[in-house]
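The values are calculated or read from the model by the stated rules, or taken from the named source; none is laboratory data. Because the structure is a prediction, the values reported are computed rather than measured. No Cβ is skipped: glycine too gets one built from the backbone with ideal geometry, and neighbour counts run over all protein chains shown.
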Amino acid sequence: MDTPHLVVSIVLAVPMARLIERVAMRFSTSRPWFRNEPSPRLGLRSIVVTLLVAGVFVATAFRFDGSGWAEFIAYLALFAVLIVLSIIDIGEYRLPDVIVLPSIALGGVIVVVVSLLDGDPDRVRDALVGAVVAFTVLLAAHLVSPQGMGFGDVKFSLLLGMAVGWQAGTMIESLILVLWMLLIGFGVGSVVGVVLWIVRRRNAPFPFGPFLAIGTFVTVMVSGSLVG
C-alpha cells in the first residue's frame, strides 16, 4: 500500500465532508435534513457524511495504490462530487446544472491533460466512448419514460461514463464497464424501489442519481476484475 496516498485520503476526508455539507445545504429548500443546525455540536448528519467520505476516500487510496497523483486526486474529487450530488438528489430530487456541467467540463480537461502527460492518449478515446455510451443509454430511457428517468440523470451520465471509461484499456472495455455501471446502478435502484413500494404501499418517485453514483463507484473500484 502506498502510504502517502492513504494519508492524503484520511487528511482530506474531514474538511471535504464539511465542504460537502455546506454545498448540500445551499441547495436544501423543502426537506430539513441538510438545513443549517442551530447547535454547533457535531450532529448525526455530520457524522454520517464524514464516515461516508472517509470510507470512500480510503477505498480510493487502496484502489489507486501505485497510480499517479493526478489520477488519484482526480478520482477523490470525482467521488466528492458524486456524494454531494447524491445528497442533493435525495433531498431535492434534482441534480443542479451548476454542479453537473462544470464537473463534466473540468473532468474532460483533466482526462485529456493527465492522459497526454502519461503518454497514453488512447485513454481520452476510452473516456469519450464511456461518456457517449452512458449518455445514449440514459437518453433512450428518458425518451421512453421521462417521468422515470429525468434529464438531469441523462446529463449526469456524461460525467459517470467518462470516469468509468477512463479506466478501460480499449473501446470494448469502456463499453463493458459502462454497462456494468448501469447494471449495478439499475440493480440497486430496483431493489430500493421495491422496498420503498412495500413500505409506502404505493408507487412513488425516488431519486435515481445516487444509484448511478453507486454503480460508478463500484465499477471504478473493481474495473480490473470486470474486464480482466
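So is Ala77 within 20 Å of Val14 (Cα to Cα) and surrounded by fewer than 21 Cβ atoms within 10 Å (Cβ to Cβ) or not? Against the criterion (within 20 Å of Val14 (Cα to Cα) and surrounded by fewer than 21 Cβ atoms within 10 Å (Cβ to Cβ)), Ala77 qualifies. The number of residues in region 95-117 being touching a Pro at 6+ places or on another chain (Cβ under 9 Å) and surrounded by 17 or more Cβ atoms within 10 Å (Cβ to Cβ) comes to 2. I need a count of the residues in region 57-94 that are over 19 Å from Val113 (Cβ atoms) and among the aromatic types (Phe, Trp, Tyr). Going through region 57-94 one residue at a time, the tally reaches 4. Set side by side, the residues Val112, Val98, Val129, Val154 differ, and just one is more than 17 Å from the chain's Cα centre (by Cα), in a helix (DSSP H, G or I) and without any contact (Cβ under 8 Å) to a residue 24 or more places away in the chain, which is Val112. Anything in region 34-73 that is closer than 20 Å to Ile99 by Cα, of a type in the set (A, V, I, L, M, F, W, C) and either at pLDDT below 85 or touching a Cys at 6+ places or on another chain (Cβ under 6 Å) (or both)? List them, or say none. Correct list: Phe34 only.
Of the residues in region 166-205, how many are farther than 24 Å from Val220 by Cα and part of a loop (DSSP other than H, G, I, E, B)? Selection size over region 166-205: 5.
For Gly161, the criteria (1) crowded, with 21+ Cβ neighbours inside 10 Å; (2) touching a residue at least 40 places away in the same chain (Cβ under 8 Å) hold in every case but one, which is (2).
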